[in-house]
1. Is it the case that some residue within the range B:226-237 is at positive phi and out of contact with any strand residue (DSSP E or B) (no Cβ under 6 Å at 6 or more places or on another chain)?
2. Here are some residues: B:Asn176, B:Asn93, B:Asn163. Which one is on the phi < 0 side of the Ramachandran plot, free of Cβ contacts under 8 Å to residues at least 24 places away in the same chain and assigned to a helix (DSSP H, G or I)?
3. What number goes with the only condition from (1) of a type outside the set (S, T, N, Q); (2) within 8 Å of another protein chain (Cβ to nearest Cβ); (3) part of a helix (DSSP H, G or I) that A:Trp159 does not pass?
4. Provide a single number: the residues in the range B:73-88 that are more than 25 Å from B:Leu273 (Cα to Cα) and surrounded by fewer than 12 Cβ atoms within 10 Å (Cβ to Cβ).
5. Any idea which of (1) open to solvent by less than 70 Å² (accessible area, probe 1.4 Å); (2) on the phi < 0 side of the Ramachandran plot; (3) not hydrophobic (A, V, I, L, M, F, W, C) is the one A:Asp75 doesn't satisfy?
6. Of all residues being among the polar types (S, T, N, Q) and buried (at least 19 other Cβ atoms within 10 Å of the Cβ) in the range B:212-245, which is nearest to the other protein chains (Cβ to nearest Cβ)? Just the residue, please.
7. Within the set of pairs 6 or more residues apart or between chains, which connect a residue that is within 10 Å of another protein chain (Cβ to nearest Cβ) inside the range B:285-299 to a residue that is surrounded by fewer than 24 Cβ atoms within 10 Å (Cβ to Cβ) and of a type in the set (Val, Ile, Thr) with Cβ atoms less than 8 Å apart?
8. Taking the condition of being open to solvent by 60 Å² or more (accessible area, probe 1.4 Å) and assigned to a helix (DSSP H, G or I), how many residues in the range A:194-236 meet it?
Amino acid sequence: MAAVATDPRPAQVRATAVDSRYRRGAGRWLVLAAAVLVGLAVLAPFGIMLLNAFKSPQDYAANGPLSWPSSLYLDGVVAFWERTDFPVKLWNSVFISALVAVGGALLSLLNAYAIGIGRVKGRLWIIALFLLANMLPQEALIYPLFTMAQSVGLSNSQWSVIIIFTVIQSAFGTYLLSSVLGTFPPALLEAAALDGASRWRILWQVVFPIVRPTLSVLMIFFFIWTWNEFFIPLVMLTSNDTQTIPIALASLQGDRMMDAPTINAGSLVSLVPAVIFFLIFQRTLTRGVTAGAVK
Amino acid sequence: MADTALTERRSRADTRPRASRGTRRRRPQWVGYLSYLLPGAVAFGVVIGYPLLTNVYFSLFKWRGGMAPLRWNGLGNYVDLLGDDKFWTSFGNSLAMIVAMVLVPTLLGLVLAAVLFDYLGRRFGERVSSVLRATYYLPQILPVAVAGVLWNWILNSQTGALNVILRGIGVETPPNWLGDPSTALPSVMLVLIWVQMGYPVVIFMAALQRVDPELYEAAELDGAGWWDRFRAITVPQIRPETFVVTLTCTVAALKVFGPIYVLTRGGPESSTLVPSYYSYLNFFDKSQVGYGSAIATVLTLVIVAVALIILGLQNRAERREREGI
């Protein structure tokens, strides 16, 4: 504000302001048009996907990607559904993501309870370690994890993926929850301690109910992040019956049978669960995105 | 914390018979909470600490993986890296990833967020700006592999939507977007900008909500135009969020794997090779586990160094701001 007030060219600034007020009628529509155009550019691939998911290969060859399908063609969806055995993939994705969401939130809560409320010694270093863990490239862990999973009989097992992501996701969760719990009202804790509640009871009967909204945001994050993960599931889950949706879709790539409608139908079917999930939790999520941004 | 330690020392020096409460205080409060860290500590040790160190250990050997013998190579793998063109190409491409995932989205995001919040939001209502925001954010929610598969088809030289359209409007030989070394990297960068752009927009718009609206009103009364307000209010006010976005996106750009795997597999002719994909290739395709581990180790060091630099810059900016006030 100070910079504006002490602007050395007040006359000029005022002149442009008058100008802009003068042009406001037309100008604002131009700005709106530009913003809408950017939005359309973002939406274009989705639109093309929708148009071509239900179009027969002959129709596509004759009329191209921008035409309205001449008839509703469902073979693409059916082909993708059957070739990937989609219900199995869907269940695998849900199973892995849900367990990671719950497990990750639980582990984050325990860590954050010790760091944010217990204020254990050296907590800044502990948090720094968690942040570091969050930044590591998965490539620097994958080969040892791969051999470890083999040696304990968890190769090609979803449990290896669940355990790994529970820990990786809770690195972020611990960081976020620790700063939330660091500001927890001490009066509540003291009152509970005076009543003779143990630490364990304070955690579940005082702290947990109050941070439940934050925990649910974390769980949504963990679910979506795990759902979208690619690298570790690609390496760890090697057979058809254990793979997740993104891996199944990617492994169909380059397949000669993958014509335009199958690719588009596959992409569409694969992103539907994520979109549904997003729409259900949109409000919680936007709050959560914000929470992540506050240092 | 220091306080507790002090009282504790004093109570130990105390010779008076301790009340039952005093005995409980013999250990500082926080020690009782250590057991809550135990599951986390074990899990992190097993899933992150041990594998990370093992990876460094592997990088000192020549190893074809599996049951093959490990042959000591010292720092040989790292020396080989220095003379490996592909290694340098992959890190050079990381710079392109930073342009596509950090620089362009952050700048675009700043302008778009400010336009939505400070201009369109006020002239056309909150609804318009929140619908546009949701639109920009849409690519962020879909699995990156799905986005890659979709774009891989759109950009396909023969059957892809883009080239079919181009041929339809009379372009005889449209470019082979992902198959030509000169266009592959820019194409991948465009896809990544498309994926990434919504993230800064959402964060910056949320950040703008905590800026005091009076600042804008006062500036407007003083006759400041949109650009003046953007420069003098918006950008400095949301600097903390800009740092967070820069940090998280830079780390993500250095780690990028999924889009490269589904779009180009690092090709053609390594023109889109990135370090993570290069190490993956060595691990699981070329069976050069030691070499792959060395690449992953270097990548780790680069990421940590870059993150520390960004955090350092942030600290310095904050300190300067505090001294300025």
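1. Quick first cut of the range B:226-237, residues at positive phi only: none.
No, that holds for no residue.
2. Numbers: B:Asn176 fails: assigned to a helix (DSSP H, G or I); B:Asn93 fails: free of Cβ contacts under 8 Å to residues at least 24 places away in the same chain.
Result: B:Asn163 is the single residue among B:Asn176, B:Asn93, B:Asn163 that is on the phi < 0 side of the Ramachandran plot, free of Cβ contacts under 8 Å to residues at least 24 places away in the same chain and assigned to a helix (DSSP H, G or I).
3. Against the list (1) of a type outside the set (S, T, N, Q); (2) within 8 Å of another protein chain (Cβ to nearest Cβ); (3) part of a helix (DSSP H, G or I), A:Trp159 comes up short only on (2).
4. Initially, the range B:73-88 is screened for residues more than 25 Å from B:Leu273 (Cα to Cα), giving B:73-74.
Right, trim to surrounded by fewer than 12 Cβ atoms within 10 Å (Cβ to Cβ) and you get B:74.
Total satisfying the criteria: 1.
5. Exception for A:Asp75: condition (1).
6. B:Thr242
7. Cβ pairs passing all conditions: B:Ser293/B:Val56; B:Thr297/B:Val56.
8. 11
The values are calculated or read from the model by the stated rules, or taken from the named source; none is laboratory data. Not measured: the values here are computed from a predicted model. Note that each Cβ is placed from the backbone with ideal geometry, even for glycine, and that neighbours are counted across all protein chains shown. Note: accessible area is taken over every heavy atom of the protein model, side chains too, but ligands, DNA and RNA are not part of it. Shrake-Rupley method; radii C 1.70, N 1.55, O 1.52, S 1.80 Å.
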